[in-house]
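The values are calculated or read from the model by the stated rules, or taken from the named source; none is laboratory data. Model, not experiment: these values are computed from the prediction. FYI the Cβ positions are ideal-geometry reconstructions off the backbone, even for glycines, and counts take in every protein chain you see. Just the protein is used for accessible areas: all its heavy atoms, side chains included, with ligands, DNA and RNA removed. Shrake-Rupley method; radii C 1.70, N 1.55, O 1.52, S 1.80 Å.
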Amino acid sequence: MADEVTVNIRLESAIVYARQKGRELAAELGFSQSELTIIATAISELARNIVDYAGNGQIIMQLIEKDGQKGIMIKAQDNGPGIPDIELAMQDGYSTGNSLGLGLPGTKRLMDEFEIDSKVGQGTTVTVIKWKRNDINFKI
Amino acid sequence: MDNREGLVKELVDHFREMREILRQEWIEQMTAKDLIASLTSDELNSESAIIYDTCVDCLETGDYQAAESYAKMLAERGVLRGMTTEQIIGGFLTLRDIYGRSLFERHQKDIKRLSMALDIYEPVANKILSIVALAFIEERENVVRQQEEAIRELSTPVLQYRDGSLILPIIGVLDTHRARQLTEQLLNSIRANRAKVVVMDITGVPAVDSKVANHLVQTVEASRLLGANVVVTGVSPQIAQTLVTLGIDLSRLNAVGDLQGGIEEADRLLGYKTVKYEQADKFISK
């Protein structure tokens, strides 16, 4: 079982590929169908940002474990122009392109953890995590 | 410099002299490695002779054009005949080794001369290999491009279902290109059929992110400008949940659960009423 997958993002078709790979990887942890859709959509949004704003970059997906909790971490990194005002970019409806402006704030809502690091002229890295809800074990 | 030219000539003469021996050895080795694919022995003889001579010509003249066009032709035919990349590349690697070995044998007593000969021979061999590999990749990419085009041709029919109503079943991934094409096709069909209602079914769309949703919203808006109402059907529970979390405003979309519901809604908007024929049971064999 490979628990880390990297997808290079340059063309739009890579978005679909990244989404499928992420879904497969997350399915190994036993996420529910809706959670898988949510994870796939988040990957889609992050990959889309790379194609639209940076031109090329990478999506790195990894199964992780912390304090007995399992989850999937997705890191989207590019060497694009960077985001001058992160606070503004995180607002609903703000977009420098012709989009709905929901990519970043929407992704943050979809996932459990969200971290963005961007330097103008150097690039952007967005890291998100979705934790697998622990099953509740009933003891009889 | 003179020395180099002299050596090139010497190498070329050597390879021409050894032509039959080396060529036969090549065929033997390829057969042993199972790289021959479906070539008949006549074809194998003529192809191997052409390849052998083309490579020696490249060495002699430093001009790779003949090699390039031959590789291109080989690639086109190889792919058509279902030869694998391994068979083609493997075949050339084998030939390269045979040329190389024969140089070793020839100059084994004079290491200095051998290294000079290899200095000349190796770049040429590498260049030829990269020409072959590139021709192959290019050919594969061509095939992929053609298939992409073919898939686009197939995608998204706009179906007339009643006077004034259209059905648009969307199946597969919506990318920017396809979304644009789809919008254009739908708008033209709305105009041509004087459609008042469109049922857009997205049951077959595996994922909807903010950009795809944006495309759909824009298509709906544009249809409205042409006087057609769009009913969206087939939003799965997972997609519905995701879209709401993403925060996409879909209040302008008229959505109905499934295609059947969508058609009923379209009928209602057009003023049709579906009534079951009383004696219908008679026509259905049990």
Original post:
Using a simple spin-label model with points 7 Å from Cα along the Cα→Cβ vector, what separation in nm is obtained for A:ARG133 and B:GLN260?
Top reply: 3.1
Original post:
Applying 1/(1 + (r/R0)^6) with R0 = 35 Å to the Cβ-Cβ distance of B:GLU43 and B:GLU10, what FRET efficiency is obtained, to the nearest 0.05?
Top reply: 0.60
Original post:
How about segment B:242-273: which of its residues lose at least 20 Å² of accessible area in the presence of all protein chains relative to their chain isolated, using a 1.4 Å probe?
Top reply: B:THR242, B:THR245, B:LEU246, B:GLY247, B:ILE248
**OP:** Kindly tabulate the residues in segment A:87-111 with an accessible-area decrease of at least 20 Å² between the chain alone and the assembly of all protein chains, using a probe of 1.4 Å.
**Re:** A:ASN98, A:LEU100, A:LEU102, A:ARG109, A:LEU110
**OP:** List the extent of the Cα atoms of segment B:88-190 along each of their three principal axes, largest first, rounded to whole Å.
**Re:** 90, 19, 16
Subject >> Alpha carbon convex hull of segment B:3-149, projected area averaged over orientations, nm² >> reply: 9.0
**OP:** Evaluate the charge dipole of the protein assembly as shown about its Cα centre and quote only its size in Debye, nearest 20, assuming +1 on the Cβ of each Lys and Arg and -1 on the Cβ of each Asp and Glu.
**Re:** 1560
**OP:** Rounded to the nearest 0.05, what FRET efficiency do A:ARG109 and B:GLU221 give with R0 = 25 Å and r taken as the Cβ-Cβ distance? Could you check?
**Re:** 0.50
Subject >> Rounded to the nearest 20 debye, dipole of segment B:159-285 from Cβ charges on Lys, Arg, Asp, Glu >> reply: 340
**OP:** Quick one: divide the alpha-carbon radius of gyration of segment A:59-120 by 2.2 N^0.38 Å and tell me what you get.
**Re:** 1.29
Original post:
Going by the alpha-carbon gyration tensor, a ≥ b ≥ c the square roots of its eigenvalues, is segment B:22-102 rounded (a/c under 1.5) or, if a/c is not under 1.5, prolate (a/b greater than b/c) versus oblate?
Top reply: oblate
**OP:** Would you kindly give the portion of the calculated P(r) for the protein assembly as shown that falls above 41 Å, as a percent of all Cα pairs?
**Re:** 45
Subject >> Computed over segment B:159-285: relative contact order in percent, which uses C-alpha pairs under 8 Å that are six or more apart >> reply: 25
Original post:
Any idea what log10 I(q)/I(0) is at q = 0.10, 0.12 Å⁻¹ for segment A:4-134, Debye with uniform C-alpha scatterers and no solvent?
Top reply: -0.29, -0.41
**OP:** Roll a 1.4 angstrom probe over the protein heavy atoms and tell me the percent of accessible area of chain B that is carbon or sulfur.
**Re:** 53
**OP:** Pop out a list of residues from segment B:182-211 that are at least 30 Å² less accessible with all the protein chains around than in their chain alone; 1.4 Å probe, no ligands or nucleic acids counted.
**Re:** B:ALA207, B:ASP209, B:SER210, B:LYS211
Original post:
So for the pair B:LEU129, A:SER95, with labels modelled 7 Å out along Cα→Cβ, what separation do we get in nm?
Top reply: 4.8
**OP:** Output the Cα-based Rg and Dmax of segment B:132-280 in Å, rounding Rg to one decimal and Dmax to a whole number.
**Re:** 18.2, 72
**OP:** Determine the gain in length on full extension of the stretch B:GLU20-B:ASP281; use 0.36 nm per residue of separation and subtract their C-alpha separation, reporting nm with one decimal.
**Re:** 85.6 nm
Original post:
What's the percent breakdown of Cα-Cα distances in chain B across 10 Å bins, shortest bin first?
Top reply: 5, 20, 17, 10, 10, 12, 13, 8, 3, 1, 0
Subject >> Loop-located trypsin sites (Lys or Arg not before Pro) in segment B:195-283 whose Cβ has at most 10 other Cβ within 10 Å (DSSP) >> reply: B:ARG252, B:LYS273, B:LYS276
Subject >> Mean accessible surface per residue for chain A, computed with a 1.4 Å probe while every protein chain stays in place, in Å² >> reply: 54
Original post:
How high is the relative contact order of chain A, in percent, with contacts defined as C-alpha pairs under 8 Å that are six or more residues apart?
Top reply: 24
**OP:** Could you do me a favour and compute the accessible area per residue for segment B:3-149, 1.4 Å probe, result in Å²?
**Re:** 58
Original post:
How high is the FRET efficiency between B:TYR161 and A:SER32 when r is their beta carbon distance and R₀ equals 30 Å, given to the nearest 0.05?
Top reply: 0.25
Original post:
So what's the gap between the Cα centers of segment B:230-244 and segment B:1-78, to the nearest angstrom?
Top reply: 61
Subject >> Antiparallel DSSP beta bridges within the protein assembly as shown, percent to nearest 5 >> reply: 70
Original post:
If one takes the accessible area of chain B alone plus chain A alone and subtracts that of the pair, with a 1.4 Å probe, what total in Å², rounded to the nearest 100, results?
Top reply: 1700
Original post:
Relative to the present Cα-Cα distance, how much length would full extension add between B:LEU118 and B:ILE171 at 0.36 nm per residue of separation?
Top reply: 13.4 nm
